[in-house]
Structures are given as C-alpha cells and as structure tokens.
Amino acid sequence: MTSEAVVHGVEWTVKELFVYPNEFIYWSIQIVMYPYMTGLVAGAFVLSSLYHVFGQKGLKEIAQFSLVFSLALLPAAGLPLLLHLQQPTRAMEPLLTPHFTSAISAFGIVFTTYGLIVVSEIWFVYRRFFVEQVHALKGKEGFGNMLRLNVYRALTMGAFDISDEALKVDHKAAKILAGVGIPVACFLHGYAGFIFGSVKANALWMSPLMPVIFIMSAVVSGIALCMLTYIVIMEWKAFRLRRTVSVTAATEIKGAESDIINTATRYLLGFLVAAISLEILDLIFRGYTAMKSWDILRSVMYGKDFVNIFVLQYTLGNLVPFVLLLLPGRTMKRTVVALILVLFGVFMMRWNVVIGGQAFSLSFSGYMHYHLPIIPHSLETFKEGLFGALSVAATPFVLFWIINKFVPSLERGEEAKY
Amino acid sequence: MSCSRRDFLKQACGGTLASVLPVSAFTFLSNEEARAAVENANVRWAFLVDTTKCVGCGLCVKACKNENEIPYDAPVTRTWVERYVITKDGQAHIDSPMGGRDGFTENVINGEEIDPENIDKAFFVPKLCNQCDNPPCVQVCPVGATYQTDDGVVLVDRSWCIGCGYCIMACPYGVRFFHPVHKVADKCNFCYHRITKGMNPACVDSCAFDARRIANLRDPDDPVTKIITTERVAVLKDEYGTKPHVFYIGLDENVR
C-alpha cells in the first residue's frame, strides 16, 4: 500500500492514556462551524419573524436586514459539511438514497425547504421594489442599466401587478411564510442538536435536551450577529454621511437606532437565560445521576476543559455580556462588546460540545487532545484547519454584499416601505 | 403537433395503466418469505473469543492487516489486542500499541514501567467488530452505504460511502475508522469474503492458541455455537442495547 496514506484525524489528535486504536478526533473544526452557522441562520430568521409575524414594529428595520442576511448565511451552513466530507463529490447522495433512520439523511430536505421559504419570503417582501426598478430602469442607456434591468425583470418573474390588492396579498403571503419559517428554522437547528444528542455511544452528547439547548443558543447567536452587523453597517453609513454632508445635517443622522437595539437586546437576553438554564440543568443532572461515564466527564469538564467551558464559555461568553447588557446606561460601544462576547460564547459552546465530546475515549480510560491545524500543508489541513473555518465564516458577508446590491435590506425610515 | 387536454389525459392514463399492469404480475413478499427465499437464511455469524487463551502475540492483527489491505503502518486496524495489567493498588493499566500488532514485549504501559512483583492479574483481550444485531452504525448512515446482511454481518459499500464519519461516532466499541487509502468508513466484517466461501476469517486461521473462533449460531451442531449456548459467555457494553455478537470467555470487570 502507499506510504503517503494519511489516517484522517492523526494530524490533530494527541492521545493520552488508553484510547482505542481507531479513535481519533474525526469531527473537527468544520463540525464546530456547522451548528454554529446553522444556528446563526435560524436565529437571524427568528429575529426577522418577530416583526413579520408578531408585529414587533420596533424591529422593522433590523427585521428586513435579518431576513436577507439569513439568506446570505444559508450556504455557509451547508459549506462546513461539504468541507468535512471525506468524499465531497458524493455530497448529493443523501438526497438520492436517503436512509431515513439517520438524522443526517434529512439535512438536504430540511435545508432545501428552509431555503425555499426564505427565498419566497424575500420575494414577496421585495416584489414591489423589483417592479418599481424595472419601470425606473426601462429605456435607460448603458450596459450596467441593461444588466440591472434584466436581473430585476427576472426577479419579478412576470408579476408586475403592484395594485393595493396585489400588495396586500404579498404582505399576507410573507406573513404566512414567516410564520411557517419559524418552526422550520427551529427544526433545522434543533435537528442539528438531534444529530449529536442521539449518539448513544457518546456520553457527553447523549441528552434529549441537546436539540432544545441548540435552538436556544442558536437564536441567541443569530440575534447577536444580526444586531452586530446591523450596528456596524449603520454606524459606518452614518460616519460616511457625516463626512460628506454639511455639519447641520449631521445632527439628524441617527446611526443605529437605539430603540431597535433595545428591543432586540431584550429578546437576546430572554433566549440567553433560557439557553444557560438548560445547559446548567444538563450539567447538574449528569453530576447528580453520576452514571458510569460521569468520572471521565467530570475530569474533562472540571479538569482538562475547565478553561474552555467555565472561563471562556460560561463566564466570558455568557455572564460578562449578560451583565454588560443589563447594567443601566448602556452605550452602543458597550453593546457591541457584549454582542461580540455573546457570539464568542456560543462558538465556545459548539466547540465544547463537538471537540469536548471527543476529548475522552469511548473506553473511559483515556483522553484525546485537539490541535487545530493553523498553517495548512495539505488540502486536509486547510479544509479542516483555521483557514477553512475562516473561509466559512467570511462567506455570508461576501454573499450579503452581493445580494444587497439587488435587495436593499438596509434602507431605513421613509425609504423602508417594503 | 397539437394535443388537447382531453387527449393528453387519455393518453397519460392509458400509458400509466399499460406500464403498471405487467408490474402487478410480480408478488410482494413479506419479510419472512423474503428471508426464507434467500440462500443464507440459516446462517447467523458470531464470534467467540477466549481471553484465557490469548497470549498477545499480535499475529491476528498482522494477518488481518495483510488480508484486508489496511496499510501496515497506519495506526488504524480492523482488529486489535488490548493488554490489561491490574496492579496491587487496584489500578488498571491498559494499552494497545499499534493495535498490539507487534506483540507486547515491554513492561512499560503508557510511559509507566510496571514492576512484575506488583501485579495482581494481567491478561489480553482481542477486539473486533461485534456485528451487532441492532447496529447503531447502520442506523445512522445517511445514505445506506453500511448495511446488515441476512447472515448478520455489517458491511460497508465503498462505492457509496460519503465519508461523513457518523457511523464512526455512533459505534460504542470504536471499531470503525476511515480507510487511509479509500477515504471511506472501514471496519472488520469477519472476513466476509472468506467465511461466505467456507473459509475461516484470517485472524482465526492465524491464531495458534484457538483464542478466536467463528460460529454459525443457526447451526446447533456447530462446536463453537455449542460453547456459546451452553457455557458462560459475556459480551462487551451490552448497556448500549446493540446486541453484540462477539462472545467472550473470561471477561473481567476492568475490560473496557
């Protein structure tokens, strides 16, 4: 056999004491990214639905943005799985020969359903805009205008009726889709939790609470990312306007509206409390029942992974932002710091579940340590290394930049009529 | 060519009927009927490991690697031998360097030298796929690339496995790994290509001490089946509900 044959996992796994020979950290950074990105998608959608379904008027502007951003996030949720597969060219097989006793087999179906809902909702919300653009661009000269005209013409899909009745129907359809989308978004992510929670061989993962914990932390991270991106983009726009427009006009520019951020923060805190409560409940339950696996779990949680779990995740990622957001006199800067910490905390939670779940041997007699490949020296160490993860994290922002060229999700105030 | 809606529906219905009627000539078999129609209906492969006979020479691991083309120096293996040394302080020292392929010739376990005078008991435990009756690896495969045959062995279709690793995660025994060359899930299959031709698995043939034996549980006259059914045998990790079919003689509470 070839001498260059590399065993998957050897690159980044260090074993300690007795570990079965075939055990390695098979699920690495991309499987941390998968639930993280899926969570962001689901959370962004839930935030947008708070306005569309439950009529939270205070969230109107951020809701439009979240909806479009959740579409930009969507491909980034599937990308980590593709990068992680040993046979990426066979990625379509779960759709061709789904084996429905497997939680993963439904991924393509749930993912596609959810994608269709998001795309249709965006279409109904922005159809009027597309039609108006077609009318505005008609007859204009130049290649750019021609291109845009054709793109918008395609986007209308031939539905040019923008009478009041037609728009009412649009509005209703968007509302229904947003309503249907909430359970589907939760399912998309709760089911990512099920993928882990149903692995009976893994003492850390196996818990019926796992899907619920995943949904709660998903909403937390999704709201946090949408708020953060929204604040950054709005402040940047305001900053640019202040430089170009005269000083008198500058006083009228508001940047990211604080009432929007206040409302979103309240939801964020609510979901954060729910997520932490469930995680603590899970932890207490494991300690109290003290099954056979508890000895090794305890040594991982309170020993090897103590910093990751209790310092980085619970303290820095949950407690500190919680206090920062609750203390009176909150400023935009403090909010931004808190949001970054929340996002970091949820990432650490995913890390501690995926990597932490493989930190101990199935024999309960040894440990495995994960060393994230930083400088890639092969395709595998790129895909499942720091740069692979960063590529996945950057994808939604690039996509959003492109989508936003055609769907103005950042219009505010008078302009935001869609 | 013009085609009215009525004509289209007429022709579509006619075409469907014409293609469905011949299909109805086939009969649907119930599970039992289908099983009875299959040749191997009276075979259920199982394995018997007598840990009291194993000396930890590692010949079974060598034979397996060669027979099944698992790269010899890769740190993954379809079968392996674990060494258990219980010292007088009650501590279990366990190791399986390179799956026990080269035998156990040192007194050092996980970097710690064991004083022979300080040992209460020591023994070897060969491990391999348990060919579970309720295999979690088959349950979680998203594409059905790993499946259970009628005679109880779990196989992997190398041409269809997508390499997601879910089956590796789902196996409580850690018998699965990614094949370093084929980049798909791999595991012991009792040397299915040999046992279905009346031969023994490579590890069984290579064991000079009769520590490893293969059995057909459906054959009451099979001498190994007789041992499994009439003597005291145990299985590994039965708490996972996987119904493993590798039976052990002389298991110890320290065995993981």
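Across peptide A:11-24, the mean count of Cβ atoms from other chains lying within 10 Å of each residue's own Cβ comes to 6.
R0 = 35 Å: FRET efficiency of A:V10 with A:Y288, Cβ-based, nearest 0.05?
Working: r = 38 Å, r/R0 = 1.08.
With a Förster radius of 35 Å, E is 0.40.
Here A:V169 and A:A136 are evaluated by their C-beta separation; at R0 = 25 Å the FRET efficiency comes out at 0.60.
Gain in length, B:D120 to B:L21, computed as 0.36 nm per residue apart minus the alpha-carbon separation, to one decimal in nm?
My answer for the length gained is 28.2 nm.
When the listed pairs A:K200/B:K187; A:K175/A:K405; A:K138/A:K405 are checked against a 21 Å cut-off, the alpha-carbon distance exceeds it for A:K175/A:K405.
Taking 19 Å as the limit for the C-alpha separation, the pairs B:K121/B:K243; B:K53/B:K127; A:K60/A:K172 exceed it in the case of B:K121/B:K243. For chain B, the membrane-span-like helix rule (DSSP H, alpha carbon extent of at least 15 Å along the helix axis, mean Kyte-Doolittle at least 0.5) picks out no helix; this says nothing about an actual membrane.
Per-residue shielding of B:224-234, expressed as the average number of other chain Cβ atoms within 10 Å of the residue Cβ, stands at 0.
Give a quick list of chymotrypsin sites (Phe, Trp or Tyr not before Pro) in the stretch A:66-137 that DSSP marks as loop, anything other than H, G, I, E or B, with at most 16 other Cβ atoms within 10 Å.
Values: sites: A:F69, A:F100, A:F107, A:F111, A:Y114, A:W123, A:F124, A:Y126, A:F129, A:F130; in loops: A:F100.
When the chymotrypsin sites (Phe, Trp or Tyr not before Pro) of the stretch A:66-137 are filtered for loop state and at most 16 Cβ neighbours within 10 Å, A:F100 remain.
Near A:H369: Cβ cut-off under 11 Å, other residues only, Lys/Arg at +1 and Asp/Glu at -1. The net charge is 0. Modelled this way, with points 7 Å down the Cα-to-C-beta line, the labels at A:F382 and A:V119 are 2.9 nm from one another.
Label-to-label distance for A:R298 and A:N262 is 4.8 nm, based on points extended 7 Å past Cα in the beta-carbon direction.
Computed from Cα atoms, the angle from the helix A:210-244 axis to the main principal axis of chain A rounds to 40 degrees. Mean residue ellipticity, 222 nm, helices only, chain B: the sum of -39500 (n - 2.57) across DSSP H runs of n ≥ 4, divided by residue count and rounded to 500, is -6500 deg cm²/dmol. Projected label points at B:T149 and A:R334, each 7 Å from Cα along the beta carbon direction, are separated by 6.9 nanometres. Using the Cβ-Cβ distance between A:A154 and B:S159 with R0 set to 45 Å, the FRET efficiency works out to roughly 0.70.
Normalised by the number of residues in the stretch A:72-157, the mean separation of alpha-carbon contacts (under 8 Å, six or more apart) gives a relative contact order of 18 percent.
Counting only alpha carbon atoms, the long axis of helix A:29-52 and the longest principal axis of chain A meet at about 40°.
Ranked by how many other Cβ atoms sit within 10 Å of their own Cβ, fewest first, the residues A:W294, B:W80 fall in the order A:W294, B:W80. Among residues other than B:P223 with Cβ under 12 Å from its Cβ, the summed charge is -3 (Lys and Arg +1, Asp and Glu -1).
If you line up the long axis of helix A:107-137 against the longest principal axis of chain A, both from Cα atoms, how many degrees apart are they, to the nearest 10? The helix A:107-137 is inclined about 20 degrees to chain A. Counting charges near B:T146 (Lys, Arg +1; Asp, Glu -1) among other residues having Cβ under 11 Å from its Cβ returns a value of +1. Judged by the ratio a/c of the largest to the smallest principal axis of the C-alpha gyration tensor, the stretch A:35-139 counts as prolate, that ratio being 1.5 or greater while a/b is larger than b/c. Comparing B:R176, B:R194, B:R44 in a Gaussian network model of chain B, where Cα atoms under 10 Å apart are tied by springs, the biggest mean-square fluctuation is seen for B:R194.
If eta is 1.002 mPa s and T is 20 °C, what Stokes-Einstein diffusion coefficient results for chain A, Kirkwood Rh from Cα pairs, in µm²/s? Walk me through the numbers before you get to the answer.
Working: Rh = 23.2 Å.
Diffusion coefficient, whole number: 92 µm²/s.
Take A:87-95, A:379-387 and order them by the average number of nearby Cβ atoms within 10 Å per residue, most first; the result is A:379-387, A:87-95. Taking all Cα pairs closer than 8 Å and separated by 6 or more residues, the relative contact order of chain B comes to 25 percent. Counting Cβ atoms of other protein chains within 10 Å of each Cβ in A:90-102 and taking the mean gives 5.
Note on chain A: with a GNM built from Cα contacts shorter than 10 Å, the maximum mean-square fluctuation among A:D164, A:D282, A:D305 falls on A:D164. For chain A, a Gaussian network of Cα nodes joined below 10 Å ranks A:E23, A:E141, A:E165 by mean-square fluctuation, and the top entry is A:E141. When only alpha carbons are used to place a centre, the stretch A:347-368 and the stretch A:192-247 end up 23 Å from one another.
Every read-out reported here was derived from the displayed coordinates using simple, explicitly stated rules and does not represent laboratory data. Note that the structure is a prediction, hence the values are computed from the model and not measured. Positions of Cβ are generated from backbone atoms using ideal geometry, with glycine treated the same way; all protein chains shown enter the neighbour counts.
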